[in-house]
1. So which residues in region 92-124 are assigned to a loop (DSSP other than H, G, I, E, B) and over 15 Å from Val137 (Cα atoms)?
2. Name every residue in region 16-41 that is within 16 Å of the ligand (Cβ to nearest atom) and exposed (fewer than 15 other Cβ atoms within 10 Å of the Cβ), in order of residue number.
3. Select from region 163-207 the residues that are on the phi > 0 side of the Ramachandran plot and without any contact (Cβ under 8 Å) to a residue 24 or more places away in the chain and write down the one among them that is farthest from the ligand (Cβ to nearest atom).
4. Could you say whether any residue in region 75-91 is open to solvent by 10 Å² or more (accessible area, probe 1.4 Å), within 16 Å of the ligand (Cβ to nearest atom) and in a helix (DSSP H, G or I)?
5. Being in contact with a Pro (Cβ under 6 Å, 6 or more places away or on another chain), farther than 19 Å from Leu138 by Cα, within 10 Å of the ligand (Cβ to nearest atom) and among the aliphatic types (A, V, I, L, M) is the requirement here; does Ile210 meet it?
6. Please state which of the following conditions Leu108 fails to meet, knowing it meets all the rest: (1) within 16 Å of the ligand (Cβ to nearest atom); (2) open to solvent by less than 10 Å² (accessible area, probe 1.4 Å); (3) closer than 18 Å to Val71 by Cβ.
7. Within region 128-142, which residues are open to solvent by 50 Å² or more (accessible area, probe 1.4 Å) and either of a type in the set (Asp, Glu) or out of contact with any Leu (no Cβ under 8 Å at 6 or more places or on another chain) (or both)?
Amino acid sequence: MNAEDRLIIALDLPTVAQARQTIQAIGPAGAFYKIGYQLMPIGGLELAKELSAMGKKTFLDFKFHDIGATVERGVKSVCQLGGDFLTVHAEPDVLKGAVEGRGDDPRLKILAVTVLTSLNQESLKKAGIEMDIEALVLKRAEFAAEAGADGVVASAKEASAIKARFGDALKIVTPGIRPPGAAANDQKRVVTPADAINAGADHLVVGRPIIAADDPANAASQIVQEIAGSP
Ligand code: C5P
């Protein structure tokens, strides 16, 4: 896999017009884009189709969470968009529904969200979850593997434990990435691109350090170079 395909740029922007400008500004360093809630209701689905037509890959970060049958029907509809990655929550029925909905679609990969990178042990405790964060991530990764999902979204801090347990059976997609010196924003568990790759991440998700940079193309290229230079 080439380094450009390992960087997923989060299009967390208020309008599709701004997203288009950003995609154009980034140019060839941007090969894989993530579309989430912010754009989904206001043209993000059309943008996903446009990106596919341009030969770019798309990550549809919709984080589905519902009864299995509803997830199954939703994922069947998502297949018509022609995306590459789709997120769902890491619960057995949700994952089973998503894998069934994807059926034999050759392109769409189902990713399970393990524990959001904006959460830490203290925020989990406040939500009533006492389990150790790494144990919880591994448990949810196990649900993903058992259901036949393709990968997980997890912090780099848990990537090596996931790689050790599941090897290549699960792709690891890692947000919470900050190039050296960049602001953490609301992320609580951040690591550098090189550290995430070295920990076993297959893809890195990076938003604000690229889309809010003065020179998004340069910010993206630097991360691509850092990925390419990591073993
Ligand atoms: O701007 P930043 O690099 O923090 O953006 C990270 C992106 O990854 C956001 O779109 C966020 O929703 C997403 N994400 C995350 N943690 C997860 C799953 C997705 O930060 N566990």
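1. Filtering region 92-124 down to residues assigned to a loop (DSSP other than H, G, I, E, B) leaves 103-108, 114-120.
Matches in region 92-124: Gly103, Asp104, Asp105, Pro106, Arg107, Leu108.
2. Selection gives Gln18, Tyr37, Pro41.
3. Filtering region 163-207 down to residues on the phi > 0 side of the Ramachandran plot leaves 167, 176, 181, 185, 200.
After this cut, where a residue has to be without any contact (Cβ under 8 Å) to a residue 24 or more places away in the chain as well, the list is 167, 181, 185.
Working: Gly167: 21, Gly181: 14, Asn185: 6 Å.
That would be Gly167.
4. no
5. Numbers: in contact with a Pro (Cβ under 6 Å, 6 or more places away or on another chain): yes; farther than 19 Å from Leu138 by Cα: yes; within 10 Å of the ligand (Cβ to nearest atom): yes; among the aliphatic types (A, V, I, L, M): yes.
Yes; evaluated as a whole, the condition is true for this residue.
6. (1)
7. Selection gives Gly128, Glu130, Asp132, Glu134, Lys139, Arg140, Glu142.
The values are calculated or read from the model by the stated rules, or taken from the named source; none is laboratory data. Just so it is clear, the structure is predicted and the values come from calculations on it, not from any experiment. Counting neighbours? That spans all protein chains shown, and the Cβs are built from the backbone with ideal geometry, glycine included. Note: areas computed on protein heavy atoms with side chains; ligands, DNA, RNA excluded. Shrake-Rupley method; radii C 1.70, N 1.55, O 1.52, S 1.80 Å.
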